[in-house]
Amino acid sequence: MAEAVMKTLPSKTVARLTPDPFVAGALTLHLDSAPQSHISLRDPRDLFYDYVRRMGTAIDLAAPAGEPIDVLHLGAGALTLARYVAETRPGSLQLAVESEKGLVPFVLAAAPLPRSSTIDLIEGDALGSLGALAAADSAWRERADVVICDVYAGVETPAHLVTPAFFEAVDRVLAPNGVVLVNVADDADLSRSEAQLAALRAVFPVIAVIGPSAVLAGREGGNVVFLAGADPAILDRMPALAAAGPHPVAWRIVVNE
């Protein structure tokens, strides 16, 4: 794609895909004025934002290299991590839930997925969609090896997605040894991270957090990633996740008493 493309979505949000002037073959998705996703059409394994790179590594560590897994994406954007999984784990089953109607079709018209990719789409609210996916007769009940929570309205995660009820719904689609990855964009006071942590602690016995050292120390704003589930192996993988970078990095285990 050589030129920027844009579309006004049904919500009146303006979606715009723009070639990255510094990274050949890469595109940035903006919703109104806010950058939302970055993708590389030349190499979907090339992840740009630091928190996305950490999530990609967490996915790498969730199962043996190249092994197909089942991934549920809550928040689709430009399908950055869905493209990554399709490239690194061919044959994986993936489902993306996106509340911004018309966004994913707009993205795919300009930046199609590889023909071999299997990524299904639900347009709807994440919590509402989880109710159907967690039903007793649903193929997704207790199936997801990875659930990625990266849902934003502007710069905020909708309040109903930062609650125990939301993560109880996530837990019902999570495989017994699965991992939940939550992106939190925060200020230096880490207030959003504290709210997410409180909601996670109400549901999951195993929790860790990782991010730039300055962010976790409360010196500056930025993105952190929470990892949660029931499998203690999540914690065993944290040193390798930190070693993979980006650096400088800090991480800690949350003792859920």
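All of the numbers you see were taken from the coordinates with simple rules; none came from a lab. On a predicted model such as this, the values are computed, not experimentally measured, just so you know. So basically every Cβ, Gly included, is an ideal-geometry build from the backbone, and we count neighbours across all protein chains shown.
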| note | Once Lys and Arg are counted +1 and Asp and Glu -1 for all other residues with Cβ under 15 Å from that of Lys12, the total becomes +1
| Under a 5 Å amide H to amide H cut-off, with H placed in plane at 1.01 Å, what residues pair with Val254 once short-range neighbours are removed? | Ile207, Ala208, Val209
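In a shell of Cβ-Cβ distance under 14 Å around Val107, excluding Val107 itself, what net charge do Lys and Arg (+1) and Asp and Glu (-1) give?
That sum, taken over residues with Cβ under 14 Å, equals +1.
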| For the range 174-188, 3J(HN,Hα) per residue [Karplus equation, 6.51 cos²θ - 1.76 cosθ + 1.60, θ = phi - 60°, Hz, x = Gly/Pro] | 7, 5, x, 9, x, 10, 9, 10, 10, 8, 10, 8, 10, 8, 5
| query | Hey, rough spin-label estimate for Leu41 and Asp236, points 7 angstrom out along Cα→Cβ, what's it come to in nanometres? | reply | 4.3 nm
| query | What list of ³J(HN,Hα) values in whole Hz, one per residue of the range 155-160 in order, does the Karplus curve 6.51 cos²θ - 1.76 cosθ + 1.60 (θ = phi - 60°) give from phi, with Gly and Pro shown as x? | reply | 9, 10, 6, x, 4, 6
| request: Return the single residue from Gly75, Gly218, Gly56 with maximal mean-square fluctuation; model: Gaussian network over the chain, springs between Cα atoms under 10 Å. | output: Gly218
| said: Relative contact order of the chain, please, whole-number percent, based on alpha carbon pairs below 8 angstrom and at least 6 residues apart. | reply: 15 percent
| task | Could you line up Val209, Val249 from fewest to most neighbouring Cβ atoms inside 10 Å? | result | Val249, Val209
| query | Between the range 217-252 and the range 79-155, what is the C-alpha centre distance in whole Å? | reply | 23 Å
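About its Cα centre, how strong a charge dipole does the chain have in debye, to the nearest 20, once Lys and Arg get +1 and Asp and Glu get -1 at the Cβ?
Rounded to the nearest 20 debye, it is 360 debye.
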| field | Neighbour-count order for His160, His38, fewest beta carbons within 10 angstrom listed first | value | His160, His38
| note | Asserting the computed 222 nm helical MRE of the chain (DSSP H runs at least 4 long, -39500 (n - 2.57) per run, divided by residue count, to nearest 500) equals -7500 deg cm²/dmol
| note | Of all C-alpha pairs within the chain, those more than 24 angstrom apart amount in percent to 45 percent
| Taking only the alpha-carbon atoms of the range 104-257, what semi-axes of the equivalent ellipsoid follow from 5 times the gyration tensor eigenvalues under a square root, in whole Å, largest first? | 26, 20, 17
| note | Computed ³J(HN,Hα) along the range 131-145: with the Karplus parameters 6.51/-1.76/1.60, θ = phi - 60°, integer Hz and x for glycine or proline, the list is x, 6, 5, 8, 4, 4, 9, 7, 5, 8, 4, 6, 10, 5, 6
